[in-house]
Each structure stands twice: as structure tokens, then as C-alpha cells.
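The values are calculated or read from the model by the stated rules, or taken from the named source; none is laboratory data. Bear in mind the structure is a predicted one, so any value in this text is a computation, not a measurement. Cβ: placed from backbone, ideal geometry, glycine included. Neighbour counts: every protein chain shown. Accessible surface is based on the protein model in full, side chains and every heavy atom, while ligands, DNA and RNA are left aside. Shrake-Rupley method; radii C 1.70, N 1.55, O 1.52, S 1.80 Å.
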Amino acid sequence: MEKGISQAVIRRMPRYYRYLGELLDGGVERISSNELSARMRVTASQIRQDLNNFGGFGQQGYGYNVKYLYDEIGKILGINQQHNIIVIGAGNLGQALANYMKFEKRGFVIIGLFDVDPALEGVTIRGIQVRMMDELQAFVKAQRVDIAALTIPKERADETANELVKLGIHAIWNFAHLDLELPEYVVVENVHLSDSLMQLSYNIANQRKFKEQKDKK
């Protein structure tokens, strides 16, 4: 991660990448910050400020070369290289991740699934065999693992995450509803699904209030 760049900017970069990908698919070769602003509902000045953190990539009066900008943002996000992922927890969520083929198009390849349930041993999900947790250490030693996704109950999440760190995995994609206590050098991306739903609920409630106030006028 670039030093001094805010998390808000980092979180907008995947959106830029997605929209630029759609423009490429549509045959668009060039786009201005104003045109991109209209599509993304982010101000043109914000787009320019965000991209200037990484060098700018555009020319005044000329706009952005879509393919070039798409490739450069891909490099910034690190998706110009393959990242191998293992999923700890082969329940419904873990299996859903394994079945989501779009990850591979972005360079994220799930190479292993692990669980503690003997009933799942040997089950294959899109060609990936479910292994038991006692096979984890040998698997990590034999394979290059860049990211571990945790889709397990929160009661086991902290202990499992620390075990993964000891095995040399320093990037955790955490779906467990628990803030993990890990060394600072470990990169953790928390995905709290219920938090997202509560934010949605808040926005729905506020939208209703706004509509009610508008109707009273």
C-alpha cells in the first residue's frame, strides 16, 4: 500500500477498475474525468485527486486512455499477478466463495478448502477437494498460499487466524463476526455481512423519513 494514501481512496480504486472494465467491454478508448464522474457519481475533482495520488495518468484536454488506466489501476491493486487463496470453513459461505468464478478473472485463485466436519472430507467444490484441518500445515508448506479466507464461527476464528499466521500466511479475509487480534504486519480485510445490512437498514429508514417530510410539504 502507498504511504500517506487514505483508506477512502483505496476503497474507491476497485470501483474505478470495475467501471473502466465496463467501458473497455463497450469499446470506449478515451474518457474525461467529467464523463467518468457522470457514470460513477463521484465528482470529477475527486477522481482527479484520487488518481493524482498514483501519478495522475491523464492529460488536460485529452482525458484518460481507458485501457492504460485500467491496466495501471490493476497494478496498483496488485491484480496483475495471481493470488492463491485457501478457504477455512467449507459450509454454505465457503462453498459459495469457491463457486464464484469471477475471482479467478481478477487473479484470485482458490486452491484449497478446509473444514473440521468429517462429513465434508473428500467433497469437491468446483474441482477443489475439501480437506480436514489436520492437513492444513502440510498443504501450506507444499503450496504457495497468499490469502486465507475465514468463513467459520467466531468462536474458532481468532485461534485459527493465529495458527495461519504461524504457518506464514499474513493476509486474512475475515468473514467471521469478530475483530481478530493479530500482529500489526498481518493484513486483515473484515467482511461483516450483518454490518452491511444494518447500514442498508439505516439508509432505508432515512430515505423513508425524507419521503415523509417531503410528502408533508
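Modelled label positions at Asn52 and Asn92, each set 7 Å beyond Cα in the direction of Cβ, lie 4.8 nm from each other.
Within the accessible surface of the range 112-214, defined with a 1.4 Å probe on protein heavy atoms only, the carbon and sulfur portion equals 51 percent. Computed 3J(HN,Hα) for the range 139-145, one whole-Hz value per residue from the Karplus formula 6.51 cos²θ - 1.76 cosθ + 1.60 where θ = phi - 60°, is 5, 5, 5, 8, 10, 7, 10, glycine and proline marked x.
Using a probe of 1.4 angstrom and keeping all protein chains present, the accessible surface of the range 88-211 works out to 62 square angstrom per residue.
With R₀ set to 35 Å, the beta-carbon distance separating Asp134 from Asn80 gives a calculated FRET efficiency near 0.50. Helix content alone sets the calculated 222 nm mean residue ellipticity of the chain: runs of n ≥ 4 DSSP H residues at -39500 (n - 2.57) each, divided across all residues, give -14500 deg cm²/dmol. Pairs of Cα atoms nearer than 8 Å and 6+ residues apart set the relative contact order; for the chain it is 13 percent. With θ taken as phi - 60° and the Karplus curve 6.51 cos²θ - 1.76 cosθ + 1.60 applied, the whole-hertz 3J(HN,Hα) list for the range 192-206 is 9, 4, 5, 4, 4, 5, 5, 5, 4, 4, 4, 5, 5, 4, 6 Hz, x standing for glycine and proline.
What longest range of the chain stays clear of loop-exposed GluC sites (Glu not before Pro) (DSSP non-H/G/I/E/B, at most 16 other C-beta within 10 angstrom)? Mind dumping the intermediate values first?
Working: sites that count: Glu2, Glu29, Glu121, Glu181, Glu184.
No qualifying site falls inside 30-120, the longest such stretch.
Which whole-number percent gives the relative contact order of the range 44-138, counting Cα pairs below 8 Å spaced six or more residues apart? Intermediate results must be reported in sequence, preceding the final value.
Working: 97 pairs, mean separation 19.0, N = 95.
Relative contact order comes out at 20 percent.
Loop-located trypsin sites (Lys or Arg not before Pro) in the range 131-176 (DSSP state other than H, G, I, E, B) with a sparse environment of at most 11 neighbouring Cβ atoms within 10 Å: Arg144. For Phe108, the amide hydrogen comes within under 5 Å of the amide hydrogens of His83, counting only partners 5 or more places away or on other chains and with H modelled in the peptide plane.
Which links in Lys105/Lys141; Lys154/Lys211; Lys75/Lys166; Lys102/Lys141; Lys102/Lys214 stretch past 31 Å when you go from one Cα to the other? Write out the running numbers ahead of the final one.
Details: Lys105/Lys141 26 Å; Lys154/Lys211 39 Å; Lys75/Lys166 29 Å; Lys102/Lys141 27 Å; Lys102/Lys214 42 Å.
From Lys105/Lys141; Lys154/Lys211; Lys75/Lys166; Lys102/Lys141; Lys102/Lys214, over 31 Å: Lys154/Lys211; Lys102/Lys214.
When the surface is traced with a 1.4 Å probe over the full set of protein chains, Val116 keeps roughly 80 Å² accessible. Per residue, what volume in Å³ does the Cα convex hull of the chain take up? Output value, Cα hull per residue: 179 Å³.
Mind checking which of Phe139, Phe114, Phe57 has the largest fluctuation in a GNM of the chain, springs on alpha carbons under 10 Å? Comparing Phe139, Phe114, Phe57 in the GNM, the peak value goes to Phe57. Residues whose amide H comes within less than 5 Å of that of Val87, counting only those at least five positions distant or on another chain, are Gly112, Leu113, Phe114, Ala149 (H built at 1.01 Å from N in the peptide plane). Note on the range 3-53: with neighbouring protein chains present and a 1.4 Å probe, carbon and sulfur make up 43 percent of its accessible heavy-atom surface. Once you've got the GNM for the chain with C-alpha springs shorter than 10 Å, pick whichever of Asn99, Asn84, Asn52 has the biggest mean-square fluctuation. Checking each option, the largest mean-square fluctuation is seen for Asn52. Karplus-derived 3J(HN,Hα) values for the range 69-82, using 6.51 cos²θ - 1.76 cosθ + 1.60 with θ = phi - 60°, are 5, 4, 5, 5, 5, x, 5, 4, 7, x, 9, 8, 9, 7 Hz; glycine and proline are entered as x.
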